[in-house]
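Before any comments, here is the structure.
The values are calculated or read from the model by the stated rules, or taken from the named source; none is laboratory data. The model shown is predicted, which means the values in this text are computed figures rather than measured ones. Cβ atoms come from the backbone with ideal geometry, glycine included; neighbour counts cover every protein chain shown.
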């Protein structure tokens, strides 16, 4: 093949790729539009059912009979998806989200001082799939529900990922180190990352690696399991994290040192170093991380990048050791506990209470 033919071939491929890309994007938009239309329709069906109930003409038994008859008619005309159980979910969806929508729009209208008019319900946008909303509407805490809705959309969480983040109490863990105002912001804006502290969790929940609570394992075993489940670990780390490498080596004074895991956060524009420790945290562990961070700041990071963050992940930590080992104005070195088993709701409540 001559040079001219090769150029022509590349040109055709680029041309075809553009068309394929356009069609793929279009199909994704169609799916999103269909999902959005479906959720709005189910919301409206729920509204009609609730308004019919509120006329006061139906007793509970009669209401069930009406839903049964409605289910038969809709199934005959539109096919599956309109069982009595599903119609009751639509009813519950409307009851839950009509309150949430009113609360959200009222907040927005109060913030918009130039217009005291209450915003119309149509201003609220359902951005997730019906399956996501089936999960969300079962979250009783309004602030937590709003937070998970925002994060699921912004991070493109699948239903499985949403389940996992809720089951690992992401909202509560992020709120541990925040004041009331910041906790409220979580429900209104989602997780906002502006400082290193904003990406730190305590504890980190690593149930996805499959280690039992009392299992015996080494730091290298833990590291390998995290690498094997890297996608899950990135989800647990949170927004903006990309993997750089493991056992990253650097040398000075003829001594070799290795950082267990190295990540980069695109939002904060900095390296994030993670060291894994089995058992209790020691002051030497913090000192070692300080050395790693100093090296990266002085030798690796670029002029337009921010200072490196270091996280020591340990099974047990002593706040006094951290307090007296690190300087008062520390904004780079952090120590967090990790758990390899998803705590029960009761254990979570105790865990969160102990942290406060």
Of the residues in the stretch 166-183, how many are part of a helix (DSSP H, G or I) and touching a helix residue (DSSP H, G or I) at 6+ places or on another chain (Cβ under 7 Å)?
6
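Condition test on residue 126, is it assigned to a helix (DSSP H, G or I), touching a helix residue (DSSP H, G or I) at 6+ places or on another chain (Cβ under 9 Å) and either surrounded by 15 or more Cβ atoms within 10 Å (Cβ to Cβ) or at pLDDT 90 or above (or both)?
The answer is no for residue 126.
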Considering every residue within the stretch 216-226, establish whether at least one is farther than 16 Å from residue 278 by Cα and crowded, with 17+ Cβ neighbours inside 10 Å.
no
Checking the structure you have, find out if any residue of the stretch 237-260 is part of a loop (DSSP other than H, G, I, E, B), touching a helix residue (DSSP H, G or I) at 6+ places or on another chain (Cβ under 7 Å), on the phi > 0 side of the Ramachandran plot and modelled with pLDDT of 90 or more.
yes
When you look at residue 191, is it out of contact with any strand residue (DSSP E or B) (no Cβ under 8 Å at 6 or more places or on another chain), within 15 Å of residue 238 (Cα to Cα) and part of a loop (DSSP other than H, G, I, E, B), yes or no?
yes
Among the residues listed as 330, 214, 221, 306, the single one being assigned to a loop (DSSP other than H, G, I, E, B), in the same structural domain as residue 201 (by TED's automatic domain parsing) and either over 28 Å from residue 194 (Cβ atoms) or touching a helix residue (DSSP H, G or I) at 6+ places or on another chain (Cβ under 6 Å) (or both):
214
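Residues are listed down the side, and each one gets a yes or a no for (1) more than 23 Å from the chain's Cα centre (by Cα); (2) touching a residue at least 24 places away in the same chain (Cβ under 8 Å); (3) within 24 Å of residue 160 (Cβ to Cβ):
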position	(1), (2), (3)
201	no, yes, yes
220	yes, no, no
242	no, yes, yes
272	no, yes, no
Can you tell me which of 287, 310, 279 is under 30 Å from residue 215 (Cβ atoms), under 30 Å from the mean Cα position of the chain (by Cα) and surrounded by fewer than 15 Cβ atoms within 10 Å (Cβ to Cβ)?
279
On the basis of being at pLDDT 90 or above, surrounded by 14 or more Cβ atoms within 10 Å (Cβ to Cβ) and out of contact with any helix residue (DSSP H, G or I) (no Cβ under 6 Å at 6 or more places or on another chain), does residue 139 make the cut?
no
